[in-house]
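Student: Shown below is the structure under consideration.
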Amino acid sequence: MKDQGTKPSIPNFLYSALGVLMINLIIFVLLYVIIAAEFAVSMITLLCTILVMLYLDKKGLINEIFSIFIKYKRTALISTVVLALIFPLMLADKRYIAHIAIIVTVYGMAALGLNFQMGSTNMVNFAPAAFMGIGAYSIAVLTAKFGMSSWVALAIAILTSGLMGLLIGIPTLRTKDYYLSLVTMALQLAFTMVLFNIPYLGGPNGISGVKPLSIGEFSLVKSYTVFGVKIAPQIPYLYLCILILALFIYIAMRIYISRIGLSLNTIAQDEVAANCLGINIAARKLFAFVIGAIFCGVAGALYGSYTSYVGPDDFGFPKSLMIICMVILGGMDNVVGVVTGAFILTVITEKLRVFSDFQQLVYGLILLTVLIVRPAGLIPKRVRNYCMVFKKNIVKHTQD
């Protein structure tokens with residue numbers, strides 16, 4: 001029920017399927033302007049959007065918007081899919097803007113992976129870029145040096161990322177708190193040094209000639225002419241990245257609302273209480289670590305296949321810091337917030353590429369500002385209702 005006092009509320013006409021369409025369309029237009037407009041217009045629009053988001057959250061209206069989308073979830077899903085299909089077509093002749101969109105989706109996947117660890121389980125991992133690098137270098141070595149099919153190489157890269165997450169996670173998760181952070185930081189630095197010093201991996205020059213993903217003769221990184229309109233070579237790949245990002249968002253949300261997600265949050269809040277409730281803490285932490293590694297590995301593999309080149313600088317500590325900032329900025333343990341944080345920071349990074357020497361300073365200032373002013377992030381995690389989860393399990397056990 002909406003507050004009848006002085007607290008602002010959403011207009012009544014928005015509490016409908018039409019309202020969902022209108023909100024989705026507004027979001028779509030804002031995303032397009034921020035990503036496609038010139039620097040000044042883009043940054044002003046982004047700043048105004050953030051200020052509006054903060055105002056809406058302060059008045060409790062963000063939760064109302066979420067409730068509208070949940071109530072009309074079918075309309076929300078269909079309209080989101082339609083807009084996601086239209087969006088790349090609007091960038092058909094804008095190569096660089098389409099490139100930015102691809103990078104946004106890639107880092108969105110990596111941020112979702114890190115969110116399982118930092119957001120859901122409170123394990124601060126300073127090496128997400130290292131796991132991206134594992135996926136990227138796996139597909140690079142298999143395609144550029146062994147001539148393997150890009151799809152087979154992608155599958156092996158996913159398995160390699162998960163296996164490395166498992167092998168690294170088992171000893172690493174014996175530590176906790178600050179020690180875990182130091183271990184993952186050391187892992188990130190060691191990974192970068194390995195890339196720089198092993199000639200087989202290209203050393204500081206990296207590996208070029210990575211095969212792009214293709215479907216038969218149809219390359220996903222190639223320009224095509226459709227109905228007389230020349231499509232930028234990034235567009236087919238952008239569709240693939242949007243599809244995979246949507247799949248990852250779905251998986252992340254399903255885990256979030258499941259008993260596994262609840263157990264991860266319990267561990268984050270109080271490991272002693274989690275242990276008393278019978279939660280296998282080691283297994284749950286390892287699950288979060290491995291699935292996070294897989295998400296990051298897929299992101300890295302897609303990045304390497306798209307750019308046809310991988311190098312040590314692409315997966316160094318500054319990249320890990322950027323992904324960490326994405327999770328904190330958007331809102332830890334909030335799937336929508338994390339993807340939002342990835343979008344904002346990626347766009348800022350690409351728009352400010354001329355100041356690339358100061359990127360670490362920018363990330364540090366953003367991180368410091370958010371931690372002081374808005375520690376919960378732009379879209380804080382919502383109060384969770386697990387009644388339906390418990391009800392489903394009770395019904396299932398009763399039927400059995």
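The values are calculated or read from the model by the stated rules, or taken from the named source; none is laboratory data. Here the structure is a predicted model, which means the values were calculated and not measured. Every residue, glycine among them, receives a Cβ derived from its backbone with ideal geometry; neighbour counts consider all protein chains shown.
Student: Show the residue pairs that are 6+ apart or on different chains and have beta-carbon atoms under 6 Å apart, the first residue being within segment 86-101 and in contact (Cβ under 8 Å) with a residue 60 or more places away in the chain and closer than 20 Å to residue 303 by Cα, the second being among the acidic types (Asp, Glu) and in a helix (DSSP H, G or I).
Tutor: Listed by first residue and then by second, the contacts come to 100/350.
Student: For segment 157-183: of the residues being under 17 Å from residue 140 (Cβ atoms) and not hydrophobic (A, V, I, L, M, F, W, C), which is surrounded by the most Cβ atoms within 10 Å (Cβ to Cβ)? Break it down stepwise before answering.
Tutor: Going through segment 157-183, the residues under 17 Å from residue 140 (Cβ atoms) turn out to be 157-161, 164.
Those still in the list that are not hydrophobic (A, V, I, L, M, F, W, C) too: 160-161.
Numbers: 160: 22, 161: 29.
Of everything passing the filter in segment 157-183, 161 is surrounded by the most Cβ atoms within 10 Å (Cβ to Cβ).
Student: Let me ask another. Cβ contacts < 6 Å: first residue closer than 11 Å to residue 318 by Cα, restricted to segment 358-379; second residue of a type outside the set (Val, Ile, Thr) and buried (at least 17 other Cβ atoms within 10 Å of the Cβ), any location; separation 6+ or different chain. Result?
Tutor: Short answer, once both residue conditions are applied: 363/321; 363/322; 363/325.
Student: Within segment 49-64, does at least one residue satisfy the condition of being small (Gly, Ala, Ser) and crowded, with 17+ Cβ neighbours inside 10 Å?
Tutor: Looking only at segment 49-64, we keep the residues that are small (Gly, Ala, Ser), and these are 60.
Subset that is crowded, with 17+ Cβ neighbours inside 10 Å: none.
Looking through segment 49-64, none of the residues is small (Gly, Ala, Ser) and crowded, with 17+ Cβ neighbours inside 10 Å.
Student: Moving to a separate point now. Of everything in segment 94-150 that's assigned to a helix (DSSP H, G or I) and of a type in the set (Phe, Trp, Tyr), which residue is farthest from residue 193 (Cα to Cα)?
Tutor: 96
Student: While we're here: Just a yes or no: is a residue in segment 224-244 of a type in the set (Ser, Thr, Tyr), outside any helix (DSSP H, G or I) and either in contact with a His (Cβ under 7 Å, 6 or more places away or on another chain) or without any contact (Cβ under 8 Å) to a residue 60 or more places away in the chain (or both)?
Tutor: Just the residues of segment 224-244 that are of a type in the set (Ser, Thr, Tyr), to begin with: 224-225, 237, 239.
Those left that are additionally outside any helix (DSSP H, G or I): 224-225.
Within this subset, residues satisfying the condition of being either in contact with a His (Cβ under 7 Å, 6 or more places away or on another chain) or without any contact (Cβ under 8 Å) to a residue 60 or more places away in the chain (or both) are 224-225.
Yes, segment 224-244 has at least one match.
Student: Can you tell which of 34, 78 is under 24 Å from residue 239 (Cα atoms) and in contact with a Leu (Cβ under 6 Å, 6 or more places away or on another chain)?
Tutor: 34
Student: Let me ask something else. Out of (1) touching a Lys or Arg at 6+ places or on another chain (Cβ under 8 Å); (2) of a type outside the set (Gly, Ala, Ser); (3) surrounded by fewer than 23 Cβ atoms within 10 Å (Cβ to Cβ), the odd one out for residue 365 is which?
Tutor: Of (1) touching a Lys or Arg at 6+ places or on another chain (Cβ under 8 Å); (2) of a type outside the set (Gly, Ala, Ser); (3) surrounded by fewer than 23 Cβ atoms within 10 Å (Cβ to Cβ), only one is false for residue 365: (1).
Student: In segment 216-257, which residue that is at pLDDT 90 or above and not hydrophobic (A, V, I, L, M, F, W, C) is nearest to the chain's Cα centre (by Cα)?
Tutor: Within segment 216-257, the match that is nearest to the chain's Cα centre (by Cα) is 250.
Student: Residue under question is residue 247, and the condition is that it be part of a helix (DSSP H, G or I), closer than 20 Å to residue 132 by Cβ and without any contact (Cβ under 8 Å) to a residue 24 or more places away in the chain; does it hold?
Tutor: yes
Student: Among the residues of segment 138-156, is any modelled with pLDDT of 90 or more, surrounded by fewer than 23 Cβ atoms within 10 Å (Cβ to Cβ) and within 30 Å of residue 381 (Cβ to Cβ)?
Tutor: no
Student: Any chance segment 10-27 includes a residue that's exposed (fewer than 13 other Cβ atoms within 10 Å of the Cβ) and either under 20 Å from the mean Cα position of the chain (by Cα) or under 30 Å from residue 375 (Cβ atoms) (or both)?
Tutor: Scanning segment 10-27 turns up at least one residue that is exposed (fewer than 13 other Cβ atoms within 10 Å of the Cβ) and either under 20 Å from the mean Cα position of the chain (by Cα) or under 30 Å from residue 375 (Cβ atoms) (or both).
Student: Here are 242, 231: which of them is crowded, with 19+ Cβ neighbours inside 10 Å and in contact with a strand residue (DSSP E or B) (Cβ under 8 Å, 6 or more places away or on another chain)?
Tutor: 231
Student: Would you be able to say whether some residue in segment 309-324 is of a type in the set (Phe, Trp, Tyr) and either more than 21 Å from residue 98 (Cα to Cα) or in contact with a His (Cβ under 7 Å, 6 or more places away or on another chain) (or both)? Show your work before the answer.
Tutor: First, pick out the residues of segment 309-324 that are of a type in the set (Phe, Trp, Tyr): 309, 315, 317.
Now drop any that are not either more than 21 Å from residue 98 (Cα to Cα) or in contact with a His (Cβ under 7 Å, 6 or more places away or on another chain) (or both), which leaves 315, 317.
Looking for residues that are of a type in the set (Phe, Trp, Tyr) and either more than 21 Å from residue 98 (Cα to Cα) or in contact with a His (Cβ under 7 Å, 6 or more places away or on another chain) (or both), one finds at least one in segment 309-324, hence yes.
Student: Hey, another quick one. If I ask for residues that are assigned to a loop (DSSP other than H, G, I, E, B) and among the polar types (S, T, N, Q), which ones from segment 211-223 would you list?
Tutor: Answer for segment 211-223, where residues must be assigned to a loop (DSSP other than H, G, I, E, B) and among the polar types (S, T, N, Q): just 223.
Student: Being out of contact with any strand residue (DSSP E or B) (no Cβ under 7 Å at 6 or more places or on another chain), crowded, with 19+ Cβ neighbours inside 10 Å and assigned to a helix (DSSP H, G or I) is the filter here; which residues of segment 184-210 pass it? Quick ask: steps written out before the conclusion?
Tutor: Narrowing segment 184-210 to residues out of contact with any strand residue (DSSP E or B) (no Cβ under 7 Å at 6 or more places or on another chain): 184-200, 202-205, 209.
When the remaining residues are screened for being crowded, with 19+ Cβ neighbours inside 10 Å, the result is 184, 188, 191-192, 195, 202.
The answer is 184, 188, 191, 192, 195.
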